[in-house]
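First comes the structure, then the notes that go with it.
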């Protein structure tokens, strides 16, 4: 049971990472998505740049231990993504690319919002 729950946490973690990267664009459909995504972005930056660990990683490792498996060392991204999706030497570049994608989503959302509120121009 614990191993299945650990696998579920992996899926949830991957979904969170997808949301962290692309979720800002959800605000194009509904602006209410913008603030939760900003909070998600701040959290991701904090976890990436400090010693604060991700609770999803901690939960997965705890569940692996409960299942009798040896939990991996390091971060979720280092364990599952590094060298599988990108070479280790490009980790900072990947992180900066994701941050640029997030900031781009905010610019697109804010520009579209600003454009809708603008007058139509001369008649």
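The values are calculated or read from the model by the stated rules, or taken from the named source; none is laboratory data. The structure presented is a predicted model; accordingly, all values stated were derived computationally and were not measured. Because the Cβ atoms are built from the backbone with ideal geometry, glycine has one as well, and the counts that use them run over all protein chains shown.
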Check: Just wondering, is there one or more residues in segment 73-94 that are closer than 18 Å to residue 24 by Cβ and either surrounded by fewer than 16 Cβ atoms within 10 Å (Cβ to Cβ) or touching a strand residue (DSSP E or B) at 6+ places or on another chain (Cβ under 6 Å) (or both)?
Finding: yes
Notebook entry, point to check: For segment 3-34, which residues satisfy the criterion of being surrounded by fewer than 14 Cβ atoms within 10 Å (Cβ to Cβ), more than 30 Å from residue 69 (Cα to Cα) and without any contact (Cβ under 8 Å) to a residue 12 or more places away in the chain?
Noted result: 29, 30, 32
Margin query: Given (1) modelled with pLDDT of 95 or more; (2) within 16 Å of residue 20 (Cβ to Cβ); (3) loosely packed, with under 14 Cβ neighbours inside 10 Å, identify the lone condition not met by residue 49.
Written below: (1)
Next item on the list: Please state which one of 62, 43 is modelled with pLDDT of 95 or more, surrounded by 13 or more Cβ atoms within 10 Å (Cβ to Cβ) and under 30 Å from residue 112 (Cα atoms).
Entry: 43
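Show me the helices (runs of 4 or more DSSP H) found entirely inside segment 1-96 where at least 1 residues are more than 30 Å from residue 111 (Cβ to Cβ). Quick ask: steps written out before the conclusion?
Numbers: elements: 2-22, 34-49, 55-66, 76-80.
Fully inside segment 1-96 and qualifying: 2-22, 55-66, 76-80.
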